[in-house]
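Enquirer: Structure provided below as structure tokens; questions to follow.
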Amino acid sequence: MNIHKLLPVLAALLMLGGCTGSCTAGTQTVPPTFTPPQGLDSAPPSVETPSAPPVETPAVVLTPEPVSSAPAATPTPTAVIPPVSVPVETPAPPVPVPTPTPLPDPTPVPGPDDEAVLAAYRQAVEAFGWFQMTHLPLDMEFPVVVDERTYYRVDYPGLDTLAALRGYLKGLFSDALVEELLPAGSVQYIEVDGVLYGQEGGRGSDITRGGETLQVLWEGESRCLVHVTVEVLDPEQDFAVTGSVEYSFPYEKIGEQWIFTAFSLVR
């Protein structure tokens, strides 16, 4: 057994024993000096100091803080970030197709006035006379002989071919009247080498007809009558007026053209 381990125990026992019989009040007894036995290590034993009794820590009493009567600080409002509005692309509504407004009926082209109708009548009399009373103006310096007939070149502006003459007539008369005046195979006017030629001759005017009185009588927007009153003369009475003769020639709008649909010479 290790002696050093026993020394503290023994010292503690001696101290307890000494206090039992030797200690009196007011007298301090000095404990005997401990002499180690022979053969033992002479080093003084280490005395274990008794542990101090635990000191009680007083309980900490928490004193409540006085409640302040000052109004509580108003909390700083937290900034509210408004929600970001993300624009939603709305499809464009369909564009309505406008309904076409019906156009009003075009204003009808007014027909010719009375003066224009009478001018057309005089022009028709001249053209009709080229076939029944006289002939187109002729250039006598350029004769040609065809089938033993002598022809002269027509000298009238714009009428240098048969087609041109026919077209001119169609601007004045109906197709039936044009065919009557200028039938296919006519010998009164012919075309030689692309040039219009005509025969000389004619009956002349009727000497028993005198002055004319013209009047336009409208029967609607597209038809009128050229009413002609012609004096009758008596050659045996020194061409005195003995009466009158009346004619009516319809002037009508056929398609887009105004033409005479019936016509004749009054003298």
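The values are calculated or read from the model by the stated rules, or taken from the named source; none is laboratory data. Here the structure is a predicted model, which is why all the values come from computation and not from measurement. So basically every Cβ, Gly included, is an ideal-geometry build from the backbone, and we count neighbours across all protein chains shown. Calculation scope for accessible area: heavy atoms of the full protein, side chains included, ligands and nucleic acids excluded. Shrake-Rupley method; radii C 1.70, N 1.55, O 1.52, S 1.80 Å.
Enquirer: Quick one: L172 ticks every box in (1) open to solvent by 60 Å² or more (accessible area, probe 1.4 Å); (2) under 23 Å from S264 (Cβ atoms); (3) modelled with pLDDT of 95 or more bar one, so which box is it?
Expert: The number of the failed condition is (1).
Enquirer: Moving on. What are the pairs, 6+ residues apart or on separate chains, where a residue within the range 118-146 that is over 11 Å from L265 (Cα atoms) has its Cβ under 6 Å from a residue that is open to solvent by less than 60 Å² (accessible area, probe 1.4 Å) and assigned to a helix (DSSP H, G or I)?
Expert: Matching pairs, first to second residue: L136/W130.
Enquirer: What pairs come out if I take residues in the range 151-166 that are free of Cβ contacts under 8 Å to residues at least 12 places away in the same chain and pair them with residues that are outside any loop (DSSP other than H, G, I, E, B) and among the basic types (K, R) whose C-beta lies under 7 Å away, six or more apart or interchain?
Expert: So the pair list comes out empty.
Enquirer: Considering only the range 193-249, state which residues are free of Cβ contacts under 8 Å to residues at least 24 places away in the same chain and assigned to a loop (DSSP other than H, G, I, E, B).
Expert: Of everything in the range 193-249, those that are free of Cβ contacts under 8 Å to residues at least 24 places away in the same chain and assigned to a loop (DSSP other than H, G, I, E, B) turn out to be D193, E219, G220, D238.
Enquirer: Let me ask something additional. Taking the conditions exactly as written (more than 19 Å from A119 (Cβ to Cβ), among the aliphatic types (A, V, I, L, M) and at pLDDT below 95), does V187 satisfy them or not?
Expert: yes
Enquirer: OK, next. Quick check on my filter: what residues within the range 186-220 are surrounded by 11 or more Cβ atoms within 10 Å (Cβ to Cβ), acidic (D, E) and either under 30 Å from R149 (Cβ atoms) or touching a Gly at 6+ places or on another chain (Cβ under 9 Å) (or both)?
Expert: Within the range 186-220, E191, E200, D206 qualify.
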